[in-house]
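Each remark here refers to the structure printed beneath this line.
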Amino acid sequence: MNITRTQIVKIGNSRGIRIPKLLIDQTGLDSEVEIAVERGRLVIRPVTRPRGDWEARFLEMSAQGDDTLLDAPVPTQWDKEEWEW
């Protein structure tokens, strides 16, 4: 575990800390983070975007051939009578 000391600085009515580059690089923090209190400790983590990795996952599925239908399409009565090509 890397332990680094830093100062708490006043920013208006709030307080801030400077996170050394070494720690930023190790954690992958970017411009936006989540801060939580867990068991009396501040936990700072990168913001996770819901579905943020879907595009990469879909490309990976396609490359592996895992993006095909599981069952063959079954035409319905609507397909036969109503649908126009």
Q.
Helix-only mean residue ellipticity at 222 nm, the chain, DSSP H runs n ≥ 4 weighted -39,500 (n - 2.57), per residue, nearest 500. What is it?
A. -7000 deg cm²/dmol
Q: For the chain, state which GluC sites (Glu not before Pro) are in a DSSP loop and have at most 13 other beta carbons lying within 10 Å of their beta carbon.
A: Glu32, Glu82, Glu84
Q.
From the phi angles alone, apply the Karplus equation (6.51, -1.76, 1.60; θ = phi - 60°) to region 64-79 and give each ³J(HN,Hα) in whole Hz, x where the residue is Gly or Pro.
A. 8, x, 8, 10, 9, 5, 6, 10, 5, x, 10, x, 9, 4, 4, 4
Q: Could you work out the local net charge near Val9, counting Lys and Arg as +1, Asp and Glu as -1, over the other residues with Cβ closer than 11 Å to its Cβ?
A: +3
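Mind putting a number on the dipole of the chain about its Cα centre? Charges go on the C-beta only, +1 for Lys and Arg and -1 for Asp and Glu, and I need it in Debye to the nearest 20.
With Lys and Arg at +1 and Asp and Glu at -1, about 1520 debye.
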Q.
On the Cα set of region 16-68, report Rg and Dmax in Å, please.
A. 16.6, 50
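Each value in this text was obtained by applying a stated rule to the coordinates, not by laboratory testing. Small disclaimer: the values here were computed from a predicted structure and weren't measured. Ideal geometry is used to build each Cβ from the backbone, glycine not excepted, and the neighbour counts take in all protein chains shown.
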